[in-house]
1. When you look at residue 39, is it without any contact (Cβ under 8 Å) to a residue 12 or more places away in the chain, in a helix (DSSP H, G or I) and either in contact with a helix residue (DSSP H, G or I) (Cβ under 9 Å, 6 or more places away or on another chain) or not acidic (Asp, Glu) (or both), yes or no?
2. Just the residues that are closer than 16 Å to residue 97 by Cβ and either among the hydroxyl-bearing types (Ser, Thr, Tyr) or in contact with a Pro (Cβ under 6 Å, 6 or more places away or on another chain) (or both), please, taken from segment 30-61.
3. Any chance you could count how many residues in segment 62-71 are assigned to a strand (DSSP E or B) and either among the hydrophobic types (A, V, I, L, M, F, W, C) or modelled with pLDDT under 95 (or both)?
4. So for segment 72-89 (the condition being at pLDDT 95 or above, under 14 Å from residue 129 (Cα atoms), not small (Gly, Ala, Ser) and not in a helix (DSSP H, G or I)), does at least one residue qualify?
5. Would you say residue 15 is farther than 18 Å from residue 131 by Cα, of a type in the set (Asp, Glu) and in contact (Cβ under 8 Å) with a residue 40 or more places away in the chain?
6. Give me the pairs, please: first residue somewhere in segment 97-123 and touching a residue at least 24 places away in the same chain (Cβ under 8 Å) and outside any loop (DSSP other than H, G, I, E, B), second residue anywhere and surrounded by fewer than 16 Cβ atoms within 10 Å (Cβ to Cβ) and of a type in the set (Lys, Arg), beta-carbon distance under 6 Å, and either six or more positions apart or on two chains.
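The values are calculated or read from the model by the stated rules, or taken from the named source; none is laboratory data. Being a predicted model, the structure only gives us computed values, none of them experimental. Neighbour counts run over all protein chains shown; Cβ positions are idealised from the backbone, glycine included.
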Amino acid sequence: MNQLSMRLLTPLRIEADKKVCRRFEFHLFFKNLLRRISNLLIFHHGVELELDFKGLAAKSEQVKTIEDATVFKDWERYSNRQGQKIKMGGLVGDVAFTGDLEEFIPFLILGEAVHAGKYATFGMGKYEISGEHA
């Protein structure tokens, strides 16, 4: 499989170097998704994901965005615990990418259920993939 489309249904917030990403980059998205899946496995099942994380991360950098119709949807919520507003904006819309995607497909499918990005526990980062394996 070498092409896939994704619809970001709720804001996807990815941060890199303490900055919010305002355009979709597959490698940042995928690294974040792997971290989420790994953390969920450890927390809920006490199982470590045995993968070549560095190898997959390097391969994810070869995936190129070929269409980006995403927009940054800015919003915030009030945190009673912190006593302040929390920025929770992220990307919504459609994106398509190309490359050697075969190894990424199982993780992308799982990610549809567990979401990706920051604030996934609030329902953010929900997406749907479409393509040959979706």
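1. The answer is yes for residue 39.
2. 60
3. 3
4. No.
5. Values: farther than 18 Å from residue 131 by Cα: yes; of a type in the set (Asp, Glu): yes; in contact (Cβ under 8 Å) with a residue 40 or more places away in the chain: yes.
Yes: the conditions hold for residue 15.
6. 98/64
Residue-by-condition table, conditions (1) within 17 Å of residue 22 (Cβ to Cβ); (2) buried (at least 16 other Cβ atoms within 10 Å of the Cβ); (3) aromatic (Phe, Trp, Tyr):
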residue	(1), (2), (3)
70	yes, yes, no
82	no, no, no
92	yes, yes, no
99	no, yes, no
102	no, no, no
109	no, no, no
116	yes, yes, no
131	no, yes, no
